[in-house]
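Comments concern the structure below.
The values are calculated or read from the model by the stated rules, or taken from the named source; none is laboratory data. No experiment lies behind these values; they were computed from the predicted model shown. Note: ideal-geometry Cβ built from the backbone for every residue, glycine included; neighbour counts use all protein chains shown. The accessibility values were calculated without ligands, DNA or RNA, using every heavy atom of the protein model including side chains. Shrake-Rupley method; radii C 1.70, N 1.55, O 1.52, S 1.80 Å.
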Amino acid sequence: MKLFVAGLTLLQLLWQTLEVEDTPTPVTSGDISNVTQISGANINSTMLSNEVVFLNFYADWCHFSKRLVPIFEHAATQLKLEFPEPGKVQLGRVDCVKEVALADLYDIQKFPTLRLFYRGQPVRREYRGLRTSEALVKFVKSQLRSAIIEFKNADDLVVIDPKRRAIIAYILDTEDPAYAIFQMMADRFKNDCDFYLRLGDDLVDLEHRPFPEQLPALVFRPDIARTHGHDESYAGNPSDPSQLEPWILEKCVPLVREVNFANVEELIEERLPLLLLFHLPEDGASIKDFKAIVEMQLADQRSKFNFVTVDGWKFEHSVKHMGLTAKDLPLIAIDSLKFMYPFTKFSDMYIPGRLKQFMQDFSTNRIPLNLKMIEEKTKDSKNANAPSMPVSTFKELGPSKHRYSLLHDEL
């Protein structure tokens, strides 16, 4: 509800979503730990012998790592009671001070970092939710599922969520090498995309829809509620993971992402400036147009910017920070993770090259004169009456020193 959200700051909302660790719960299994100490010597055997492996990358000197120990142990005990059969679930811990190679392998930048592996494959996103034993157990249980939904005919595909991206596979049988590769990709990207599978070569019942001329074949279906895109066939070899994985990554993790309080920490941790579209919740047209323009004109800027769409009601605090209100939506701005720079006006987005010029001006410090003057005055602490630049409200939603021991300087 707008009135409820408007009364809270972004930081308050984030902490209501994530919270800080709960009061450490004593381990209830005596002196027997259900958490395996992971090292370079046993990590492969642990991965291969368990369906789900949930790892805590920690350091003994880290305060937050110490607080997580009893919580993680309690979660392991609860999961052991629910899944007593060997090879189902295993929780493990990695001492990153001793196991530097493993910490480097998984790019650990803060302690504690929690990563889940399903059938030996890392789930792309790390766990960033509540640090309670109940939340950890719920998360692990949510990952104990096949990512693949099998269907028989084209009418079955009406269940596809128009707000979710999907990969649809047509494979002869489970003996086809493409099947194992598709399953591996689905396991890794199941939190980013939905995966559908049609086994068999009888495609008669698909004749009223486009279907592949030869098997195996893959089709990407975009989130049609948020994009102008259409189905796209995969042109590479479905049995070659080195070709397939980059394609799935590109399709399942789109150039323009929708930011919310569940993924904002991950987004900010990438430490790139944000090109933001603030929109009204029901304004699907602006979202589609923004995504189309970014994809057509700005794809070469992917390594320099993150492109995101933002619900302007939920992030009303950011809009107000720029001296604007919901009446000004939709609007575009750059958040440098230090200051915010509003675009001239939304309709200028449709002028070819105008949005790219705005980004280039930012990258080369040729920001609009009025904003430049305000920024310079802001740096002059002697001028008490100087107008202030809109300060970034997204920076404070990144990984926090109140939850992690960070291994690099803050943004």
(message) Suppose each label sits 7 Å from its Cα in the direction of the beta carbon; what would the Asn153-Arg125 distance come out to in nanometres?
(response) 3.5
(request) Using θ = phi - 60° and the Karplus relation 6.51 cos²θ - 1.76 cosθ + 1.60, list the HN-Hα couplings for region 135-151 in order, rounded to whole Hz, with x at every Gly or Pro. (result) 5, 5, 4, 4, 5, 4, 5, 5, 8, 7, 7, 5, 7, 9, 10, 7, 9
(message) If R₀ is 35 angstrom, what is the calculated FRET efficiency for the pair Ala292 and Gln214, using the beta carbon separation as r and rounding to 0.05?
(response) 0.65
(request) Determine the dipole magnitude for region 257-374: charges of +1 sit on the beta-carbon of Lys and Arg, -1 on that of Asp and Glu, nothing else is charged, the reference point is the Cα centre, and the result goes in debye to the nearest 20. (result) 460
(message) What is the sum of charges, Lys and Arg at +1 and Asp and Glu at -1, for the other residues whose Cβ falls under 14 Å from the Cβ of Ser286?
(response) -3
(message) Need one word for region 23-147: rounded, prolate or oblate. Basis is the Cα gyration tensor (sqrt eigenvalues a ≥ b ≥ c); a/c below 1.5 gives rounded, then a/b vs b/c decides.
(response) rounded
(request) Would you mind pulling out the separation of the Cα centroids of region 135-185 and region 306-320, in Å? (result) 32
(message) Explain nothing, just compute: Karplus ³J(HN,Hα) = 6.51 cos²θ - 1.76 cosθ + 1.60, θ = phi - 60°, for every residue of region 102-118 in order, whole Hz, x for Gly and Pro.
(response) 5, 4, 5, 4, 9, 6, 7, 10, 7, 10, x, 10, 10, 10, 10, 10, 10
(message) Can you give me the % of accessible surface on region 206-328 that is carbon or sulfur? Probe 1.4 Å, all protein chains present, nothing else counted.
(response) 52
(request) Provide the FRET efficiency to the nearest 0.05 for the Glu396-His63 pair, computing r from the beta carbons and using R0 = 25 Å. (result) 0.75
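Please sort 137-143, 178-184, 237-243 by packing, taking for each peptide the average over its residues of neighbouring beta carbons within 10 angstrom, highest first.
178-184, 137-143, 237-243
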(request) With a 1.4 Å probe and all protein chains in place, put Glu250, Glu126 in order of accessible area, largest first. (result) Glu250, Glu126
(request) Pull up all non-local amide H partners of Thr309: gap of 5 or more, or a different chain, and H-to-H distance under 5 Å with H placed in the peptide plane. (result) Arg257, Glu258, Val259, Leu277
(message) Working only with C-alpha atoms, what are the Rg and Dmax values of region 111-201, expressed in angstrom?
(response) 15.2, 49
(message) Against the 2.2 N^0.38 Å scaling, with N counting residues, where does region 277-336 land? I'd like the Cα-based Rg ratio to two decimal places.
(response) 1.14
